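The values are calculated or read from the model by the stated rules, or taken from the named source; none is laboratory data. Predicted, not measured: the structure shown is a model, and the values here were computed from it. Cβ coordinates were reconstructed from backbone atoms using ideal geometry, including for glycine residues, and neighbour counts include every protein chain displayed.
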Amino acid sequence: YPTNDLIVKHVHVERGDAFKLRLASKCGKISLANGQKIYIEGPTGGGKSTFVKAILGLIPGADMNIGKPENYYHYVADYFQEIKEKMPSSKISIRNYFKDETNDKTIDKYLLRVFSKMELNSIKEVLISQKDDLEIVNIEQHVKNAYDMEINEKISGGQKSRLILTLRGYEADMKNKGIIVLDEPCPDVDHDTYTEIMNKFFHNYDHCTIIMIGHLCACKKAALEIEWTQEFCVRDGLISRIR
C-alpha cells in the first residue's frame, strides 16, 4: 500500500476514499499496548472518530485480513460518539440503561462514580415522584422503584452525559473488555465536575487502554491527572502525531 495510506494492525483505509484518512509523513507507526492512554484532538468533522474506528476495525467494508483475530474490535467496550449518542429519554429506565441489571447495589456503585450521594438521591426522588400513587416515606426504601421508573426528561443533559460515561466502565467490566473509547465525554458538564469525574474514571480503569477524543482547552487538559502515552491531531483527514 502507499506509505501515506492509513494502515493500522490489519485495517486498511485507502487514500482518497470516502474516509479520506492519511498519515502525516512524520507520524510513524501507530500501535496500541495494554494500559495506554491515547488522546486525539482536532476540529469538528476532521476525521477523529473515523480514525479511531479504523484503528478498532469498526468501519464496515474496511479491508480486514481473514484469519487475523487480533483486530482490536474484539476487545473494545461499546463505542458511540457520546456527544451525538441518542439516548431514549422517555421510555427507558436507569435499569434498562444498565442492560436490565438486577442488582441495585451494582447500579449504585457505578452511579456513585459520577454522582455524589446527595445528587443521586435527588435523582431517585425526582424519578419516584412521577408515580402518583406512591407515598414517599423514605427514599432508601424505594430504590428499586426509582431505577425502574421511566426517565421522561427528568434528568438533565449533563446527568445523561455522566450516565453514558459510567456505562462505558460498566460495559468494560461486565464483558471483560480491555479498550474503552471516550468520544467527547461529558461535553455539557462544568469544569470542576468534569475534572473530578474524569480523573476518577481514568484511575478506576488505569489497567485498560483508553482512547479519548476531545476538544479540551489547555487549562482543562492540564487539570486532568492523566499521563497521555500518545497524542494525535486529526485535521481534514490528516493524522499528525503530537506525542
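Could you check, for region 80-90, whether at least one of its residues is assigned to a loop (DSSP other than H, G, I, E, B) and either of a type in the set (Phe, Trp, Tyr) or modelled with pLDDT of 65 or more (or both)? Within region 80-90 (the criterion being assigned to a loop (DSSP other than H, G, I, E, B) and either of a type in the set (Phe, Trp, Tyr) or modelled with pLDDT of 65 or more (or both)), the answer is yes, since at least one residue qualifies.
Residue-wise test of (1) assigned by TED's automatic domain parsing to the domain that holds Val114; (2) touching a residue at least 60 places away in the same chain (Cβ under 8 Å); (3) within 27 Å of Lys26 (Cβ to Cβ).
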site: Ser156; (1), (2), (3): no, no, no
site: Pro187; (1), (2), (3): no, yes, no
site: Ile197; (1), (2), (3): no, yes, no
site: Asp206; (1), (2), (3): no, yes, no
site: Met212; (1), (2), (3): no, yes, yes
site: Cys217; (1), (2), (3): no, no, yes
site: Ala223; (1), (2), (3): no, no, no
site: Trp228; (1), (2), (3): no, yes, yes
site: Arg235; (1), (2), (3): no, yes, yes
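Looking at region 206-237 only, could you name the residues that are in a strand (DSSP E or B) and surrounded by fewer than 17 Cβ atoms within 10 Å (Cβ to Cβ)? Matches in region 206-237: Glu231, Arg235. Say we look at region 107-156 and pick out the residues that are at pLDDT 75 or above and in contact with a His (Cβ under 8 Å, 6 or more places away or on another chain); which of these is surrounded by the most Cβ atoms within 10 Å (Cβ to Cβ)? It comes out as Lys124.
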